[in-house]
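Working notes for the structure below.
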Amino acid sequence: MLSITPRISIDESELSFRFVRSSGPGGQNVNKVSTAVQLEFNVPASPSLPPDVKDRFLRRAGKRISSEGTLHIRAQRFRTQEQNRADAIERLCAMVRAAAIAPRPRVATRASRASHEIRLHGKRRRSIVKKLRAKAAIEQD
């Protein structure tokens, strides 16, 4: 059982791992040993995630989610299967933690009367400067 937040934990039976050959460092073992990990997690079918977290997760995951809703994470940073497996799990946990945080609702605000007046005053001043430039350009021709 992966404990992600106090209210969210994912059963490891929901995760599927495949071990494939990794690119990158490894010396002679790189062509013999399958150290890269491909983690798959079916988000819509997961009973562990609350519906609001699932929705945010699917929106945030982008191209890592297939059309069926399966998340694919490939970990090949390390030279051992154990480290890559732990890395893939940690990345999944970080994604779920980020999706578990509900965005704060936007509160509509209004500009103060003074800031509105200052803005309009600056616009008027700029307009006058441009008008004076236009007259100077006509007089030069």
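Bear in mind these aren't lab numbers, they're just calculated from the coordinates by the rules spelled out. Note that the structure is predicted; figures quoted are calculated from it, not measured. All Cβ positions, even for glycine, are placed from backbone atoms using ideal geometry, and neighbour counts span all protein chains on display.
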Problem set entry | Sites Thr70 and Arg104, calculated FRET efficiency, Cβ-Cβ separation with R0 25 Å, nearest 0.05 | 0.25
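Using r as the Cβ-Cβ distance of Ala45 and Thr80, and R0 as 30 Å, what FRET efficiency do you calculate, to the nearest 0.05?
Efficiency, from the Cβ-Cβ distance: 0.50.
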Seminar exercise, completed: Restricting to lysines and to Cα separations under 25 Å from Lys63, and discarding same-chain partners fewer than 8 apart, the set is Lys54
Exercise. Taking the Cβ-Cβ separation of Ile138 and Ala114 as r and a Förster radius of 30 Å, what is the calculated FRET efficiency to the nearest 0.05?
Worked result: 0.20
Problem set entry | Cα-projected label distance for His121 with Arg18, points at 7 Å along beta-carbon direction, nm | 6.8 nm
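Count charges around Asn84 for me, please; just the other residues with Cβ under 13 Å from its Cβ, Lys/Arg as +1, Asp/Glu as -1.
+4
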